[in-house]
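Below is one structure, written out as C-alpha coordinates, with a few remarks after it.
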Amino acid sequence: MDNRLKVLRAERKWSQNDLAIHLDISRQSVNAIETGKYDPSLPLAFKIARLFEMPIEEIFIDKID
Amino acid sequence: MATSRKRLNPNNILLLSAFGGFIIGILNGLGIQLPLWTPLAVLIFLLIISISYWKNIDEAAKEAHKFAWYWSSIGWISLAATFYTTMQYNAVPNSLVSLLETKFNSPTEIFMAGIISSIIIQIIFYSIIWIGWWARTRMR
(Lines give C-alpha, C1' and ligand atoms only; values in the text may rest on other atoms or scores of the structure.)
Protein backbone atom coordinates (compact mmCIF):
# COMPACT_ATOMS: atom_id res chain seq x y z
CA MET A 1 0.00 0.00 0.00
CA ASP A 2 1.31 3.45 -0.94
CA ASN A 3 1.01 6.42 1.37
CA ARG A 4 1.59 10.16 1.44
CA LEU A 5 3.09 10.25 4.88
CA LYS A 6 6.48 11.53 3.75
CA VAL A 7 4.90 14.39 1.77
CA LEU A 8 2.54 15.37 4.58
CA ARG A 9 5.40 15.28 7.05
CA ALA A 10 7.59 17.41 4.77
CA GLU A 11 4.79 19.98 4.34
CA ARG A 12 4.87 20.51 8.09
CA LYS A 13 8.69 20.53 8.15
CA TRP A 14 8.66 17.62 10.60
CA SER A 15 11.48 15.16 10.87
CA GLN A 16 10.73 11.45 11.16
CA ASN A 17 11.51 11.80 14.83
CA ASP A 18 8.96 14.63 15.23
CA LEU A 19 6.27 12.50 13.63
CA ALA A 20 7.28 9.52 15.77
CA ILE A 21 6.79 11.61 18.92
CA HIS A 22 3.35 12.79 17.73
CA LEU A 23 2.28 9.22 17.05
CA ASP A 24 3.99 7.65 20.07
CA ILE A 25 5.91 5.19 17.92
CA SER A 26 9.61 4.80 17.13
CA ARG A 27 11.40 6.71 14.35
CA GLN A 28 12.25 3.36 12.77
CA SER A 29 8.55 2.55 12.59
CA VAL A 30 7.81 5.87 10.87
CA ASN A 31 10.51 4.98 8.34
CA ALA A 32 9.03 1.50 7.84
CA ILE A 33 5.57 2.98 7.18
CA GLU A 34 6.88 5.72 4.87
CA THR A 35 8.83 3.25 2.76
CA GLY A 36 5.80 0.99 2.48
CA LYS A 37 7.58 -1.84 4.26
CA TYR A 38 4.95 -1.91 6.95
CA ASP A 39 1.25 -1.08 6.74
CA PRO A 40 -0.02 0.35 10.03
CA SER A 41 -2.90 -1.17 11.97
CA LEU A 42 -6.33 0.48 11.75
CA PRO A 43 -5.94 2.22 15.15
CA LEU A 44 -2.59 3.70 14.08
CA ALA A 45 -3.96 4.65 10.65
CA PHE A 46 -6.83 6.50 12.37
CA LYS A 47 -4.35 8.19 14.67
CA ILE A 48 -2.33 9.36 11.65
CA ALA A 49 -5.50 10.59 9.95
CA ARG A 50 -6.51 12.54 13.05
CA LEU A 51 -3.05 14.07 13.33
CA PHE A 52 -3.09 15.32 9.74
CA GLU A 53 -6.85 16.08 9.89
CA MET A 54 -7.49 14.12 6.71
CA PRO A 55 -9.52 11.04 5.79
CA ILE A 56 -7.51 7.80 5.88
CA GLU A 57 -8.02 7.18 2.15
CA GLU A 58 -6.31 10.46 1.33
CA ILE A 59 -3.19 9.34 3.20
CA PHE A 60 -3.10 5.64 2.35
CA ILE A 61 -3.65 4.68 -1.27
CA ASP A 62 -4.73 1.18 -2.21
CA LYS A 63 -2.72 0.14 -5.27
CA ILE A 64 -5.83 -1.56 -6.75
CA ASP A 65 -7.52 1.84 -7.19
CA MET B 1 -9.81 1.61 19.98
CA ALA B 2 -6.53 1.35 21.87
CA THR B 3 -5.63 4.27 24.08
CA SER B 4 -2.07 5.49 24.19
CA ARG B 5 -0.01 5.42 27.37
CA LYS B 6 3.48 6.50 28.29
CA ARG B 7 5.96 3.92 27.06
CA LEU B 8 9.09 2.84 28.86
CA ASN B 9 12.20 2.86 26.70
CA PRO B 10 12.49 -0.73 25.40
CA ASN B 11 16.27 -0.30 25.10
CA ASN B 12 16.48 0.24 28.86
CA ILE B 13 14.51 -2.96 29.41
CA LEU B 14 16.96 -4.86 27.18
CA LEU B 15 19.89 -3.28 29.04
CA LEU B 16 18.42 -4.51 32.34
CA SER B 17 18.14 -7.98 30.85
CA ALA B 18 21.76 -7.88 29.64
CA PHE B 19 22.83 -6.68 33.09
CA GLY B 20 21.05 -9.66 34.69
CA GLY B 21 22.83 -12.04 32.32
CA PHE B 22 26.12 -10.31 33.03
CA ILE B 23 25.70 -10.75 36.79
CA ILE B 24 24.85 -14.46 36.40
CA GLY B 25 27.86 -14.88 34.08
CA ILE B 26 30.22 -13.17 36.53
CA LEU B 27 28.98 -15.28 39.45
CA ASN B 28 29.33 -18.43 37.39
CA GLY B 29 32.78 -17.39 36.17
CA LEU B 30 33.93 -16.80 39.73
CA GLY B 31 32.83 -20.31 40.59
CA ILE B 32 30.32 -19.11 43.13
CA GLN B 33 27.74 -21.76 43.94
CA LEU B 34 24.37 -20.33 42.95
CA PRO B 35 21.42 -21.13 45.23
CA LEU B 36 18.95 -23.80 44.16
CA TRP B 37 16.23 -21.23 43.44
CA THR B 38 18.39 -19.45 40.81
CA PRO B 39 16.79 -21.17 37.78
CA LEU B 40 13.32 -20.17 39.01
CA ALA B 41 14.53 -16.60 39.58
CA VAL B 42 16.02 -16.52 36.07
CA LEU B 43 12.73 -17.79 34.62
CA ILE B 44 10.66 -15.18 36.47
CA PHE B 45 13.15 -12.41 35.58
CA LEU B 46 13.06 -13.36 31.88
CA LEU B 47 9.25 -13.50 31.88
CA ILE B 48 8.98 -10.07 33.49
CA ILE B 49 11.55 -8.62 31.05
CA SER B 50 9.83 -10.21 28.04
CA ILE B 51 6.33 -9.04 29.01
CA SER B 52 7.56 -5.56 29.85
CA TYR B 53 9.53 -5.31 26.58
CA TRP B 54 6.56 -6.52 24.51
CA LYS B 55 4.20 -4.02 26.13
CA ASN B 56 6.54 -1.12 25.47
CA ILE B 57 7.47 -1.61 21.82
CA ASP B 58 5.28 -0.28 19.02
CA GLU B 59 3.41 -2.32 16.44
CA ALA B 60 6.08 -2.26 13.70
CA ALA B 61 8.67 -3.52 16.18
CA LYS B 62 6.25 -6.30 17.14
CA GLU B 63 5.77 -7.16 13.47
CA ALA B 64 9.55 -7.47 13.04
CA HIS B 65 9.72 -9.84 16.02
CA LYS B 66 6.81 -11.94 14.75
CA PHE B 67 8.46 -12.21 11.34
CA ALA B 68 11.82 -13.15 12.89
CA TRP B 69 10.18 -15.62 15.27
CA TYR B 70 8.33 -17.45 12.50
CA TRP B 71 11.17 -17.69 10.00
CA SER B 72 13.92 -18.42 12.49
CA SER B 73 11.78 -21.21 13.97
CA ILE B 74 11.08 -22.66 10.53
CA GLY B 75 14.78 -22.37 9.61
CA TRP B 76 15.98 -24.03 12.78
CA ILE B 77 13.35 -26.78 12.76
CA SER B 78 14.22 -27.58 9.13
CA LEU B 79 17.93 -27.68 9.92
CA ALA B 80 17.44 -29.80 13.05
CA ALA B 81 15.12 -32.20 11.22
CA THR B 82 17.65 -32.57 8.42
CA PHE B 83 20.46 -33.17 10.89
CA TYR B 84 18.37 -35.65 12.89
CA THR B 85 17.40 -37.56 9.74
CA THR B 86 21.02 -37.64 8.65
CA MET B 87 21.98 -39.17 12.00
CA GLN B 88 19.60 -42.07 11.36
CA TYR B 89 21.98 -43.21 8.59
CA ASN B 90 24.95 -43.23 10.98
CA ALA B 91 26.33 -40.44 8.89
CA VAL B 92 27.81 -38.49 11.81
CA PRO B 93 31.55 -38.16 11.12
CA ASN B 94 33.75 -40.17 13.47
CA SER B 95 35.84 -37.08 14.09
CA LEU B 96 32.77 -35.33 15.54
CA VAL B 97 31.93 -38.32 17.75
CA SER B 98 35.47 -38.52 19.13
CA LEU B 99 35.52 -34.76 19.64
CA LEU B 100 32.31 -34.99 21.71
CA GLU B 101 33.72 -37.90 23.71
CA THR B 102 36.95 -36.08 24.55
CA LYS B 103 35.39 -32.66 25.11
CA PHE B 104 32.60 -33.72 27.45
CA ASN B 105 32.85 -35.89 30.52
CA SER B 106 29.29 -37.12 30.82
CA PRO B 107 26.03 -37.47 28.89
CA THR B 108 24.67 -34.60 31.01
CA GLU B 109 27.38 -32.28 29.67
CA ILE B 110 26.62 -33.35 26.09
CA PHE B 111 22.91 -32.76 26.73
CA MET B 112 23.58 -29.28 28.14
CA ALA B 113 25.86 -28.46 25.21
CA GLY B 114 23.05 -29.52 22.89
CA ILE B 115 20.59 -27.18 24.61
CA ILE B 116 23.01 -24.26 24.60
CA SER B 117 23.99 -24.75 20.96
CA SER B 118 20.27 -24.91 20.06
CA ILE B 119 19.67 -21.61 21.82
CA ILE B 120 22.71 -19.97 20.22
CA ILE B 121 21.81 -21.13 16.70
CA GLN B 122 18.22 -19.96 17.21
CA ILE B 123 19.42 -16.56 18.42
CA ILE B 124 21.74 -16.24 15.39
CA PHE B 125 18.91 -17.13 12.98
CA TYR B 126 16.52 -14.79 14.80
CA SER B 127 18.97 -11.89 14.84
CA ILE B 128 19.83 -12.19 11.14
CA ILE B 129 16.16 -12.22 10.11
CA TRP B 130 15.22 -9.44 12.55
CA ILE B 131 18.06 -7.21 11.30
CA GLY B 132 17.06 -8.07 7.72
CA TRP B 133 13.46 -6.94 8.37
CA TRP B 134 14.58 -3.53 9.56
CA ALA B 135 17.38 -3.21 6.98
CA ARG B 136 14.90 -3.60 4.11
CA THR B 137 13.21 -0.34 5.12
CA ARG B 138 16.49 1.49 4.54
CA MET B 139 17.02 0.10 1.05
CA ARG B 140 14.01 1.82 -0.52
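The values are calculated or read from the model by the stated rules, or taken from the named source; none is laboratory data. As the structure is a prediction and not an experimental result, all values here were calculated from the model. Note that we place each Cβ from the backbone using ideal geometry, even for glycine, and neighbour counts take in every protein chain shown. Note: accessible area is taken over every heavy atom of the protein model, side chains too, but ligands, DNA and RNA are not part of it. Shrake-Rupley method; radii C 1.70, N 1.55, O 1.52, S 1.80 Å.
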From Cα pairs below 8 angstrom and at least 6 apart in sequence, can you work out the relative contact order of chain B, rounded to a whole percent?
32 percent
Would you tally the net charge around A:H22, using a Cβ to Cβ cut-off of less than 12 Å, leaving A:H22 out, and scoring K and R as +1, D and E as -1?
+3
So for chain B, Kirkwood radius off the Cα pairs, Stokes-Einstein at 37 °C and 0.692 mPa s: how many µm² s⁻¹?
177 µm²/s
Per 10 angstrom bin, beginning at 0 and ending with the bin that holds the maximum distance, the Cα pairs of the stretch B:8-57 fall in percents of 25, 47, 23, 5
Once amide hydrogens are built 1.01 Å from N within the peptide plane, the residues lying 5 or more places from A:N3 or on another chain with amide H under 5 Å from its amide H are A:I61
What whole-number distance in Å separates the alpha-carbon centres of the stretch A:15-50 and the stretch B:11-29?
32 Å
How would B:F19, B:F104, A:F60 rank on accessible area, largest to smallest, probe 1.4 Å?
B:F19, B:F104, A:F60
Cα centre as origin, Lys/Arg/Asp/Glu Cβ charges: chain B dipole, Debye
700 debye
Rounded to whole Å and sorted largest first, what semi-axes of the equivalent ellipsoid does the C-alpha gyration tensor of the protein assembly as shown yield via the square root of 5 times each eigenvalue?
44, 23, 13
Which whole-number percent gives the relative contact order of chain A, counting Cα pairs below 8 Å spaced six or more residues apart?
44 percent
Dipole check, chain A, charges on Cβ (K,R +1; D,E -1), about Cα centroid: among A:A32, A:L5, A:S15 the Cα furthest to the positive pole belongs to A:S15
Unit charges on C-beta of K, R, D, E only; dipole of chain A, Debye
300 debye
What angle do you read, to the nearest 10 degrees and between 0 and 90, between the alpha-carbon axis of helix A:42-52 and the longest principal axis of chain A?
70 degrees
Measure out, as a whole number of angstrom, how far apart the alpha-carbon centroids of the stretch B:43-102 and the stretch B:112-140 sit.
9 Å
Protein chains only, probe 1.4 Å: how do A:T35, B:T82 rank by accessible area, largest first?
B:T82, A:T35
Just to be sure I understand the curve: with the Debye formula and one point per C-alpha of the stretch B:58-140, what is log10 I(q)/I(0) at q = 0.21 Å⁻¹?
-1.01
